[in-house]
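Below: the structure, in structure tokens.
The values are calculated or read from the model by the stated rules, or taken from the named source; none is laboratory data. Since the model is a prediction, treat every value here as computed from it, not as a measurement. Cβ atoms come from the backbone with ideal geometry, glycine included; neighbour counts cover every protein chain shown.
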Amino acid sequence: MNQMSKKTIISKIIGKKHHLFSYPFFHLPSRLLVFQIHYDVATCNLFLQSYANHKNLTKGKQLHSLMVTSGFIHLPSSITSLINMYSKCNQMEEAVLVFHDPYRERNVFAYNAIIAGFVANGLAADGFQFYKRMRSVGVMPDKFTFPCVVRACCEFMEIRKIHGCLFKMGLELNVFVGSALVNTYLKVDGMEDAEKVFEELPERDVVLWNAMINGYIKIGHLNKAVAVFKKMGEEGISLSRFTTTSILSVFTSMGDINNGRAIHGIVTKMGYSSCVAVSNALIDMYGKCKHNKDALLIFEMINEKDLFSWNSIISAHEQCGDHDGTLRLFGKMLASRVLPDVITITVVLPACSHLAALMHGREIHGYMIVNGLGKNENSDDVLLNNAVMDMYAKCGCMKNAGIIFDLMRNKDVASWNIMIMGYAMHGYGTEALDMFHRMCEAQIKPNVVTFVGVLSACSHAGFVHQGRSFLTRMELEFGVIPTIEHYTCIIDMLGRAGQLGEAYDLAQRIPLQDNLILWMALLGACRLHGNAELGNVVGEKIRQLEPKNCGSGSYILMSSLYGVVGRYEEALEVRRTMKEQNVKKTPGCSWIELKNGLYVFSMGDRTHHELNALINCLCGFQYFHDEVMHSF
DNA sequence: TTAGGGTTAG
């Protein structure tokens with residue numbers, strides 16, 4: 001046998017030191033025997049450490065059994081390694097069993113390991129109990145104990161008490177303890193104390209600087225976060241990948257694409273591009289700054305895309321209003337077998353709402369139900385439920401929207417608004433107003449959006465008298481000052497009801513009358529009732545407001561209005577003007593989801609073989625082969 | 001034998 005150490009030989013047998021776990025454990029003793037080495041406690045601990053880091057519980061348990069039969073189990077180092085292995089495999093019950101074995105000594109290592117295990121598993125209170133027990137049985141904590149104990153504190157007074165204890169023991173200047181102190185003070189809103197700890201520490205490493213940056217981000221002081229980042233550079237602290245993700249989130253929030261790009265450069269230079277979290281932060285930055293092409297480039301370069309990568313690229317598309325892109329990427333995400341979470345669903349559902357893609361919305365809702373997404377023990381995720389309800393409402397499925405609404409344990413004002421708007425949008429005026437009255441009975445204070453829904457319901461259902469009454473009551477009774485959207489609803493309502501003169505008077509009287517939608521609503525009413533004289537006046541007003549060559553809506557309405565009243569020459573003249581000024585009309589289309597796909601209907605298109613059977617009107621339709629829609 | 005950190009929505 002040569003002079004190599006046991007550790008070196010093990011490493012040679014297995015390969016690279018970080019791949020210890022990849023070597024089948026059951027081969028280990030025999031292979032060691034080939035090298036004439038008998039495994040010992042140190043070897044077992046080495047393997048336990050590796051299994052812990054790779055969360056390989058099966059092999060960890062096998063080794064545990066072997067250690068029991070080999071008699072290694074009573075040694076303090078074995079206990080610590082076993083507790084660590086079970087903790088990292090999220091098996092705290094097993095870790096506690098090892099800790100409590102009556103034949104074993106519980107020294108500071110064992111206590112440190114069990115406290116760390118509880119804290120890492122999100123069971124801070126249990127970790128804190130073990131710290132108390134440690135003190136009561138007279139085991140002295142050390143510099144390894146406190147970073148975890150400090151993390152276990154969840155109240156300001158608790159952390160102050162521990163801080164005092166650290167001071168007495170002379171451990172408050174340790175950089176690990178300091179980082180934990182800074183983070184915990186930040187958690188309990190003690191930014192001033194965190195700053196004090198930071199200032200007083202003699203040694204400040206990159207983790208500590210990062211903690212300060214994150215602290216300022218948490219309290220919304222983004223400029224201070226940038227200042228800390230700059231100071232890091234001045235003091236020659238080398239940035240870690242954690243620094244880059246944090247500072248990227250700052251520039252993302254600021255919408256600062258230039259500095260974001262500068263960080264991208266640093267990331268590339270430092271070789272952090274291969275880190276998926278860094279790439280995810282870059283995707284988010286480019287997406288929020290409306291640079292989707294760059295976001296996609298980064299996304300495509302990631303080898304192992306995680307949930308964050310998918311959520312970031314999907315939300316980048318949705319934020320740009322690319323609802324098709326959102327659904328296409330969502331389909332690809334499912335095909336990649338990455339499971340969506342609450343965030344994915346919250347981003348994707350509005351895309352279904354915008355496209356009125358009921359079938360996909362339903363599938364997503366089904367996925368939520370099966371996987372219990374959005375449901376908690378005591379309270380549901382209101383925003384997620386609102387998104388589902390909104391999807392059903394916008395897709396015209398008010399029955400399902402109503403079922404979800406009735407089942408929701410927690411409702412907010414938006415939940416009520418979605419129902420009112422949904423009923424209003426689909427012409428159920430009475431139901432919308434009933435919902436409003438139920439809302440008032442439930443003591444929910446209506447807001448600006450509520451009255452857009454209420455007035456819109458009155459407009460679509462022809463409740464002119466009630467609409468007028470609501471316009472007065474909303475301010476006097478509910479303290480909601482009418483905005484241009486509310487006045488537009490009223491003008492639309494009066495116009496639909498044929499009260500064009502009154503609608504025009506109101507349009508002229510209200511503040512902020514330079515609103516295109518408002519006048520377009522009135523022009524629509526002129527067309528509906530064939531009033532070409534008022535239509536001319538309104539059309540002129542719109543042409544003044546509408547930038548040249550921008551939008552075709554008013555031209556189309558004017559041309560249609562002249563057609564309705566039989567003034568065909570003038571109708572043709574409007575069309576000629578449109579041609580001269582190169583104003584183009586985007587062809588309108590509708591679509592319907594059937595069992596085998598999405599069908600798009602557009603004017604004049606008669607290409608589908610089942611045209612007559614499917615739809616008895618002048619519109620044609622074409623089968624819409626969209627890989628997105630079929631990839632679910 | 002044991003310790004401190006980052007990114008996605010509304």
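Condition check ((1) buried (at least 22 other Cβ atoms within 10 Å of the Cβ); (2) at pLDDT 95 or above; (3) not assigned by TED's automatic domain parsing to the domain that holds A:Val250) across all residues:
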residue	(1), (2), (3)
A:Leu296	no, yes, no
A:Ile313	yes, yes, no
A:Cys320	no, no, no
A:Asp324	no, no, no
A:Asn371	no, no, yes
A:Ser379	no, no, yes
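Within region A:202-240, take every residue that is near DNA strand B (Cβ under 7 Å from one of its atoms) and either assigned by TED's automatic domain parsing to the domain that holds A:Ser279 or assigned to a loop (DSSP other than H, G, I, E, B) (or both) and give me the one that is surrounded by the most Cβ atoms within 10 Å (Cβ to Cβ).
Applying the filter and picking the extreme gives A:Ser240.
Any idea how many residues of region A:15-40 are surrounded by fewer than 18 Cβ atoms within 10 Å (Cβ to Cβ), at pLDDT 50 or above and within 14 Å of DNA strand B (Cβ to nearest atom)?
Number satisfying all stated conditions: 1.
Residues are listed down the side, and each one gets a yes or a no for (1) in contact with a strand residue (DSSP E or B) (Cβ under 9 Å, 6 or more places away or on another chain); (2) farther than 16 Å from A:Gly366 by Cα; (3) crowded, with 18+ Cβ neighbours inside 10 Å:
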site	(1), (2), (3)
A:Leu383	no, yes, no
A:Asn386	no, no, yes
A:Met389	no, no, yes
A:Gly396	no, yes, no
A:Ala401	no, no, yes
A:Asp406	no, yes, no
A:Asn410	no, yes, no
A:Ser415	no, yes, yes
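Would you please name the residue that is nearest to A:Phe130 (Cα to Cα), looking only at residues in region A:101-117 that are surrounded by fewer than 24 Cβ atoms within 10 Å (Cβ to Cβ) and more than 8 Å from DNA strand B (Cβ to nearest atom)?
A:Arg106
List pairs: first residue in region A:212-241 and acidic (Asp, Glu), second residue more than 14 Å from DNA strand B (Cβ to nearest atom) and modelled with pLDDT of 95 or more anywhere in the structure, Cβ distance under 6 angstrom, at least six positions apart or on different chains.
Between residues of region A:212-241 that are acidic (Asp, Glu) and residues that are more than 14 Å from DNA strand B (Cβ to nearest atom) and modelled with pLDDT of 95 or more, there is no close pair.
Would you confirm, using the coordinates I've provided, whether A:Glu195 is within 14 Å of DNA strand B (Cβ to nearest atom) and in contact with a helix residue (DSSP H, G or I) (Cβ under 9 Å, 6 or more places away or on another chain)?
no
Does A:Thr268 qualify as being crowded, with 18+ Cβ neighbours inside 10 Å, assigned to a helix (DSSP H, G or I) and of a type in the set (Ser, Thr, Tyr)?
So A:Thr268 does not fit the description; no.
Take A:Leu349 and decide whether it is under 21 Å from the mean Cα position of the chain (by Cα), of a type in the set (A, V, I, L, M) and over 19 Å from A:Lys305 (Cβ atoms).
yes
Test each condition in (1) in contact with a Gly (Cβ under 9 Å, 6 or more places away or on another chain); (2) within 29 Å of A:Ile247 (Cβ to Cβ) for A:Glu300 and report the one that comes out false.
(1)
Could you list all residues from region A:377-413 that are polar (S, T, N, Q) and either farther than 24 Å from A:Gln443 by Cβ or in contact with a Phe, Trp or Tyr (Cβ under 7 Å, 6 or more places away or on another chain) (or both)?
Within region A:377-413, A:Asn400 is the sole residue that qualifies.
Only one of these conditions is not met by A:Ile542: (1) assigned to a helix (DSSP H, G or I); (2) without any contact (Cβ under 8 Å) to a residue 12 or more places away in the chain. Which number is it?
Single failed check for A:Ile542: (2).
For region A:298-375, list the helices (runs of 4 or more DSSP H) that sit wholly inside it and hold at least 3 residues that are away from DNA strand B (no atom under 15 Å from the Cβ); which are they?
A:323-335, A:358-371
The rows are residues; the columns are (1) without any contact (Cβ under 8 Å) to a residue 24 or more places away in the chain; (2) more than 13 Å from DNA strand B (Cβ to nearest atom); (3) within 28 Å of A:Gly325 (Cα to Cα); (4) touching a strand residue (DSSP E or B) at 6+ places or on another chain (Cβ under 8 Å).
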position	(1), (2), (3), (4)
A:Ser246	no, no, yes, no
A:Thr268	yes, yes, yes, no
A:Ala281	no, no, yes, no
A:Asn292	no, yes, yes, no
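Test of understanding: among A:Gly524, A:Gly467, which residue is part of a helix (DSSP H, G or I), closer than 27 Å to A:Ala414 by Cβ and among the small types (Gly, Ala, Ser)?
Going through A:Gly524, A:Gly467 in turn, just one is part of a helix (DSSP H, G or I), closer than 27 Å to A:Ala414 by Cβ and among the small types (Gly, Ala, Ser): A:Gly467.
Mind listing whichever residues of region A:54-78 are closer than 14 Å to A:Thr43 by Cα and among the aliphatic types (A, V, I, L, M)?
A:Leu63, A:Leu66, A:Met67, A:Ile73, A:Leu75
Scan region A:55-78 for residues that are under 23 Å from A:Asn107 (Cβ atoms) and within 15 Å of DNA strand B (Cβ to nearest atom) and jot them down.
Once the filter is applied, which keeps residues that are under 23 Å from A:Asn107 (Cβ atoms) and within 15 Å of DNA strand B (Cβ to nearest atom), region A:55-78 yields A:Gly60, A:Leu63, A:His64, A:Met67, A:Phe72, A:Ile73, A:His74, A:Leu75, A:Pro76, A:Ser77, A:Ser78.
All but one of (1) within 16 Å of DNA strand B (Cβ to nearest atom); (2) surrounded by fewer than 14 Cβ atoms within 10 Å (Cβ to Cβ) hold for A:Arg438; which doesn't?
(1)
What is the number of the single condition among (1) more than 12 Å from DNA strand B (Cβ to nearest atom); (2) closer than 27 Å to A:Ala295 by Cα; (3) at pLDDT below 95 that A:Ser273 does not meet?
(1)
Limited to region A:57-78, what total is found for residues that are closer than 12 Å to A:Gln91 by Cβ and either charged (D, E, K, R) or under 38 Å from the mean Cα position of the chain (by Cα) (or both)?
Total meeting the criteria: 4.
Can we say A:Thr472 is at pLDDT below 95, surrounded by fewer than 22 Cβ atoms within 10 Å (Cβ to Cβ) and of a type in the set (Val, Ile, Thr)?
Criteria met by A:Thr472.
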